[in-house]
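Please treat every number below as a calculation from the coordinates, not as lab data. Small disclaimer: the values here were computed from a predicted structure and weren't measured. Note: ideal-geometry Cβ built from the backbone for every residue, glycine included; neighbour counts use all protein chains shown.
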Amino acid sequence: DNPDAFRDLSKPVGALNHERLAVLVERYHAMPAPKFLFGTHYSTPAYVLFFLVRAAPDLALRVHGGKFDHPDRAFCSISETWEACLENQADVKELIPEFY
């Protein structure tokens, strides 16, 4: 029942942290064309498999050329992933439907 426990779905994940968004907007205005706000795509097979690596390891191996991704980038915690999505300029992962 606490609205603070839920993320604001009216914004993309990259815009949830106002400080990070301000840095991204400043960078956007300073860059030459073609301009972009987020330097990555929101929906990629690698992001989906980031969360599903334990359920579908064979698919993860296909995406990463027959090897698992570096252990430091492996999914291990929802809270750590959420913090990274709020703080890291390049991390804009959305939860996948399997979490719901």
Low-density loop trypsin sites (Lys or Arg not before Pro), the stretch 1-75, at most 16 other Cβ within 10 Å, DSSP non-H/G/I/E/B, are Arg7, Lys35, Arg54, Lys67
Measure out, as a whole number of angstrom, how far apart the alpha-carbon centroids of the stretch 49-100 and the stretch 6-31 sit. 21
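Which chymotrypsin sites (Phe, Trp or Tyr not before Pro) does the stretch 1-62 hold that lie in a coil by DSSP with at most 12 other beta carbons within 10 Å? Before the final figure, lay out each step's value.
Working: sites: Phe6, Tyr28, Phe36, Phe38, Tyr42, Tyr47, Phe50, Phe51; in loops: Phe6, Phe36, Phe38, Tyr42.
Counting only loop positions with at most 12 other Cβ atoms within 10 Å, the chymotrypsin sites (Phe, Trp or Tyr not before Pro) in the stretch 1-62 are Phe6, Phe36, Tyr42.
How high is the relative contact order of the chain, in percent, with contacts defined as C-alpha pairs under 8 Å that are six or more residues apart?
Numbers: 63 pairs, mean separation 35.4, N = 100.
In percent, rounded to a whole number, it is 35.
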Hey, which lysines would be in cross-link range of Lys67, C-alpha to C-alpha under 25 Å, not counting anything within fewer than 8 residues on its own chain? Lys93
